[in-house]
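Okay, so here's the structure we're looking at.
The numbers here are math on the coordinates, done by the rules we state, and not lab data. The structure displayed is predicted, hence computed values, not measured ones. Cβ: placed from backbone, ideal geometry, glycine included. Neighbour counts: every protein chain shown.
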Amino acid sequence: MSEPASLFRFHEASLGYAGRPVLEALNLEVKQGDKIALLGESGTGKSTLLRRLRELRPDEVAWCPQQPGLVPVLSTFHNIYMGRLACNPFWYNLANLVKPLSGPKEEIAGLASRLGLSGQLWRPAGALSGGQQSRVSLARALYQQKPVFIGDEPVSALDERQAADLLSLVCERHQTVVLALHNVEQALTHCTRIVGLRQGRLVLDAPSENLTAAQLRALYTSS
C-alpha cells in the first residue's frame, strides 16, 4: 500500500502577518487522509496556520470560519449556494439568484435537512439565531465539495449533540480535515491526530489514540 501523499509541509517555518511572526520554527506535515485537531489557547497561532494552509491549496480547500460571514439579506439557500459560486458561469449564478434552479434546490435542500435547517431555507440569514448561522456557514463549506476541509472553531456556537453530529459529517465527507478546536473531547473523538500549539510553537503532534483529555488540557494552562 502506497504512502499517503503529502499535502502541506513546513520545515523550520515562520508564519505571521503584517511582518510580525506568530508561529516560529514550525515543523509540520499534513498528509492526505489526516483528520487533525489543532489545539491551543487563543492567540497562539491556530488561525495563522489555518490561513496559510488555505493559501497554499486554495482550489482544494473548503473553508469554514469561526465567524459565519453570511450575507444577512439573502436567504439561507442563497448563502449556502455561495459555496459554489466560483464553479459556475455568471449567467447560471444570476439565474439561480432570481429563481433558484431545480438542481441546486434539490442539493441544498438535502444538505439543509441534514443540518437541521429545512425550515429556515428561505428565511434571510440575518433573521437566524447564532447557532443556525453557524450551521449555514458549515453547510456553505460542505457544499463546496472539496477534498480538504479547514475549519476555525466551526461548531463553537452549537450544543454538544449538534457539534458531535456535524463534526462526524465533516469527517465523513472530506478526505483530509484540519480543525481548530477548544473542546478536547471533540478532538479526541473525531480526529485521528492532535497538533498542539503553545506561545507560537508546536509542542505536540501525536495520534489521538495515544493521548488523554488531561494531557490536552495542559495546553490551556499557564507555563
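Annotation: peptides 11-22, 32-43, ranked by per-residue average of other Cβ atoms within 10 Å with the highest first, follow the order 32-43, 11-22. Take every Cα pair under 8 Å whose residues are at least 6 apart in sequence, average their separation, divide by the length of region 124-223, and the relative contact order is 20 percent. Sorting the segments 101-107, 146-152 by their residues' average number of neighbouring beta-carbon atoms within 10 angstrom, most packed first, yields 146-152, 101-107.
Computed on the chain, with alpha-carbon pairs under 8 angstrom and 6+ residues apart, the relative contact order is 29 percent.
Take each peptide in 127-134, 214-221, count the other Cβ atoms within 10 Å of every residue, and average; sorted highest first, the result is 127-134, 214-221. Computing mean projected area of the Cα convex hull in nm² for the structure here picks out one of (1) 13.9; (2) 19.1; (3) 11.5, namely (1). Take every DSSP beta bridge whose two residues both sit in the chain, then give the antiparallel share in percent to the nearest 5. Of those bridges, close to 45 percent are antiparallel.
Taken about its Cα centre, region 43-137 carries a charge dipole of roughly 200 debye when the Cβ of each Lys and Arg holds +1 and the Cβ of each Asp and Glu holds -1. Tell me, what is the percent relative contact order of region 71-145, built from C-alpha pairs under 8 Å that lie six or more residues apart? Dividing the mean separation by the residue count of region 71-145 yields 56 percent. Put a plus charge on the Cβ of each Lys and Arg, a minus charge on the Cβ of each Asp and Glu, and nothing anywhere else: the dipole of region 126-223 about its Cα centre is then about 240 debye.
Between residue 51 and residue 114, the contour length at 0.36 nm per residue exceeds the Cα-Cα span by 19.9 nm.
Calculate the spin-label point distance for residue 24 paired with residue 169, positioning each point 7 Å from the Cα along the beta-carbon direction, and give it in nanometres. Simple spin-label model gives 4.2 nm for this pair. Just check region 94-149 against the gyration tensor rule for me: Cα atoms, a ≥ b ≥ c as the square roots of the eigenvalues, rounded for a/c under 1.5, and otherwise prolate or oblate depending on whether a/b exceeds b/c. Oblate shape, in that a/c is at least 1.5 and b/c is the bigger or equal ratio.
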